[in-house]
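J.: Structure provided below as structure tokens; questions to follow.
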Amino acid sequence: MLPNPSEKYKKFVPLKLPNRQWPDRTFEKPPRWLSTDLRDGNQSLPDPMSVEEKKIYFQKLLDIGFKEIEVAFPSASQIDFDFTRYCVDNAPQDVSIQVLSPCRPELIKRTVESLSGAKKAIVHLYLATSDCFRDVVFGLSKEETLKLATECTKLVRSLTKDDPKQKGTVWSYEFSPETFSDSDPDYVLEVCESVKAAWGPSKENPIIFNLPATVEMSTPNVYADQIEYFCTHISNRDAVCVSLHPHNDRGCAVGAAELAQLAGADRVEGCLFGNGERTGNVDLVTLALNLYTQGIHPNLDFSDMKSVIDVVEKCNKIPVHARAPYGGQLVVCAFSGSHQDAIKKGFERRKDNKGIWQIPYLPLDPQDIGRTYEAIIRVNSQSGKGGASWIILRNMELDLPRGLQISFSKVVQDATEKKGRELKANEIMDLFKNEYLLYNYEDGENLRPAGNLFKLDNYYLGNKDNKTRQLVVDMSNYDGTISYKVLGEGNGPISAFVNGLNTQFKSKFQVINYHEHSLGSDSNSKAAAYINCKVDDRHLIWGVGINEDVSTASFNSLLSVINQAIRKGVIKEMNV
Ligand SMILES: CC(=O)SCCNC(=O)CCNC(=O)[C@H](O)C(C)(C)COP(=O)(O)OP(=O)(O)OC[C@H]1O[C@@H](n2cnc3c(N)ncnc32)[C@H](O)[C@@H]1OP(=O)(O)O
Ligand SMILES: CC(C)C(=O)C(=O)O
């Protein structure tokens, strides 16, 4: 890189527009959208789409709800011509087929031919207006450029709406002063006035002036000023549709398109996920969902985002970036602890899933674009207690108490560090079942316990008096070689069990914390019990028990503590 880049690159000189209005405006409605995926997007692909791929893409654009689709550059190739014919034959009544041609009469004729018989068609011509392009590419003066644009417009008119044979089609016309954002704004107006007069638009069928940032040259506010200047100076504004076509060379195409809409533009041309020349066209998914998350329906439907991505990736043969706004695979995922904690708290507040969306870190409800909540929180070594407990909650309906969350999070952290990668939901569930010895939990059958761990065989619970409960518990180890009958009394089933254990065995159990809740709401629902015990005055252990019967669930939670204590060597067998 140069020590002094100003020797090579010049600063963009912005338009002076001291009375600009756009900064104070807000969005009220969506623009008209045009997808140019099949033209500008396609022309930039290393391997352009086959006709079959174009058909699949076209159908997806229709499903999304596009009413204006630029389908091809028909004079470029037989594929483009044939595909335009396919669209003419298959487009719904209310969809306009748009095609592009340079200002070259023989190519314009071929272009119009490709649209013959369409219900609604837009012929789109382009001609560069910037000094650079006129000098370097065309060698045309300002006068010659204006004349060429005007004459080609007249040619289009004579071949379309003025031709009696073409009466079956609603013809619209679009003109792009290419490199608009690098052109003298007054000269662009002069060319467009002349083109407008040549076409003769009406309020009902306005002429489309598409004002491209063919190459993004400056900051979005400068583009917005240029658009406001055009909108406020073009005559007969009612008969003009101002269209945007921002490219993303500086990475600001979305910002430019948004500010330029505030500046008065009516329509936006772009591609799904920002495919297109060099850094791409403006991304229509982002623009549409930016509106949606401000409460404005974009009139485009991305509720099945996965199928959109599938088509885009298959046909473009370019992957959609995992961080692409809204659609990217990692966009609705949180790995880091504080994000997961905040998201989890947000969902807890939003139990009824109604009202204004306000979940920290998530600007859009993933369900609105067909994503599940399960995919949001993913666990790796950057995650905290919230992540793993979210997975357990969503997949096993177990709402772990805070202390257990903290305790289990250490187990998960250990595993993520050992594996050096993200843990999938089923791995976290297996860790949980294994740690808390949930052998009686239906999905835990495959996790066989060691022979010297205990299970509940039976219990009898009765009342000694109205304050004291009497309990008999039959428990045995899994291979059936040891069995115990525990007898205890207490003011509840847990205290009776604990008292029985403490009387009969050498180890001492002290209940520090206990929680229970039901799983599911029908009559077959189960209960989950969580118990935190201090064993031998030293070791704090959480136990988990699940059963249709609440008392069995709580006894199981205590057995989960006993079994962990044995497995960790805290107590030796039952210290009988
Ligand atoms: C910004 C954009 O995206 S514009 C769209 C660009 N898309 C494409 O170019 C894809 C399809 N293009 C093609 O298939 C071919 O370029 C064709 C069929 C249009 C023309 O092919 P060729 O006749 O071989 O021309 P070629 O591609 O070499 O060069 C372009 C010529 O068109 C001229 N030209 C470029 N843009 C325009 C325009 N808007 N109006 C009139 N002439 C133009 C150039 O000045 C050059 O003319 P020259 O040969 O006299 O110097
Ligand atoms: C043809 C025009 C609109 C174009 O693609 C551009 O300027 O980027």
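Here, each number is a calculation from the coordinates, and none is a lab measurement. Here the structure is a predicted model, which means the values were calculated and not measured. Quick reminder, even Gly has a Cβ in these numbers, built from the backbone with ideal geometry, and neighbours come from all protein chains shown.
J.: Per 0.36 nm of contour for each residue apart, how much would the distance between LYS167 and LEU540 grow if the chain were fully extended, relative to their Cα-Cα spacing? List each step's numbers first, then the result.
T.: Values: separation 373, 0.36 × 373 = 134.28 nm, distance 8.52 nm.
Value of the extension gain: 125.8 nm.
J.: Nearest 500 deg cm²/dmol is fine: what mean residue ellipticity at 222 nm does the chain get from its DSSP H runs of n ≥ 4 alone, each adding -39,500 (n - 2.57), divided by its residue count?
T.: It comes out at -11000 deg cm²/dmol, rounded to the nearest 500.
J.: Arranged by the count of other C-beta atoms within 10 angstrom, fewest first, what order do PHE83, PHE73, PHE335 take? Can you show the working numbers first?
T.: On the way: PHE83 26, PHE73 23, PHE335 17.
Fewest-to-most Cβ neighbours within 10 Å comes out as PHE335, PHE73, PHE83.
J.: Taking Cα pairs under 8 Å and at least six residues apart, what relative contact order does segment 113-215 come out at, in percent?
T.: 37
J.: Where does each of THR416, THR169 land when they are ranked from fewest to most other beta-carbon atoms within 10 angstrom?
T.: In increasing order of surrounding Cβ atoms, one gets THR169, THR416.
J.: List the relative contact order of the chain as a percent without decimals, with contacts defined as Cα pairs under 8 Å and 6+ residues apart. Write down the numbers at each step before the final one.
T.: Numbers: 1109 pairs, mean separation 50.1, N = 576.
Once normalised by length, the contact order is 9 percent.
J.: Sticking with this structure for a sec: According to a simple spin-label model (label point 7 Å from Cα along Cα-to-Cβ), what is the distance in nm between GLN470 and TYR373?
T.: Label at TYR373, label at GLN470, 4.7 nm between them.
J.: Still on this model: Which FRET efficiency, nearest 0.05, do GLU422 and LYS306 yield, Cβ-Cβ r, R0 25 Å?
T.: That gives a FRET efficiency of 0.80.
J.: Under 17 Å Cα to Cα from LYS410, which aspartates and glutamates show up? Leave out anything in the same chain fewer than 8 places away.
T.: ASP341, GLU422, GLU427, ASP430, GLU435
J.: Put a dot 7 Å past each Cα toward the Cβ at LYS147 and ASN502; how far apart are the dots in nm?
T.: Modelled inter-label distance: 10.6 nm.
J.: To the nearest 0.05, what FRET efficiency results for ASP352 and ASN434 with a Förster distance of 41 Å applied to their C-beta separation?
T.: Computed FRET efficiency for ASP352 and ASN434 comes out at 0.75.
J.: Could you give the angle, 0 to 90 degrees to the nearest 10, between helix 550-567's Cα long axis and the longest principal axis of the Cα atoms of the chain?
T.: 80
J.: For the ranges 271-283, 354-366, what's the packing order if you count other beta-carbon atoms within 10 Å of each residue, average per peptide, and put the highest first?
T.: Top to bottom by mean Cβ count within 10 Å: 271-283, 354-366.
J.: Which net charge results when you count Lys and Arg as +1 and Asp and Glu as -1 among the other residues whose beta-carbon is under 9 Å from that of VAL312?
T.: -1
J.: Here is a follow-up. Anything over 31 Å Cα to Cα? Flag those among LYS147/LYS203; LYS8/LYS142; LYS119/LYS154; LYS54/LYS119; LYS317/LYS345, in the order listed.
T.: LYS317/LYS345
J.: Compute the long axis of helix 220-233 from its Cα atoms, compare it with the longest principal axis of the Cα atoms of the chain, and write down the angle in degrees, 0 to 90, nearest 10.
T.: 40
J.: If you don't mind, there's one more thing I want to ask. When a footprinting reagent is the concern and you count Cβ atoms within 10 Å, what order do PHE347, PHE180 take, fewest first?
T.: Listed from fewest to most nearby Cβ atoms, that is PHE347, PHE180.
J.: On a C-alpha basis, how far is the centre of segment 346-382 from the centre of segment 480-554 in Å? Whole number, if you could?
T.: Distance between centres, Cα-based: 34 Å.
J.: I would also like to ask the following. If r is the Cβ-Cβ distance from ASP414 to GLU106 and R0 is 60 Å, what FRET efficiency results, to the nearest 0.05?
T.: Taking R0 as 60 Å, the efficiency between ASP414 and GLU106 is 0.25.
J.: Still on this structure, please answer the following. So, with +1 on the Cβ of K and R and -1 on the Cβ of D and E, and no other charges, what is the size of the charge dipole of the chain about its Cα centre, to the nearest 20 debye?
T.: Charge dipole, the chain, about its Cα centre: 1420 debye, nearest 20.
J.: Once the Cα atoms of helix 105-114 and of the chain are each reduced to a long axis, what angle between those two axes, in degrees from 0 to 90 to the nearest 10, is obtained?
T.: 50
J.: Counting only DSSP beta bridges with both residues in the chain, tell me the antiparallel percent, nearest 5.
T.: Once the DSSP bridges in the chain are tallied, antiparallel ones form about 50 percent.
J.: Just to confirm my understanding: which cysteines in the chain have no other cysteine beta carbon less than 4.7 Å from their beta carbon?
T.: So far as the 4.7 Å Cβ criterion goes, CYS87, CYS132, CYS192, CYS231, CYS241, CYS252, CYS271, CYS315, CYS333, CYS533 stand without a partner in the chain.
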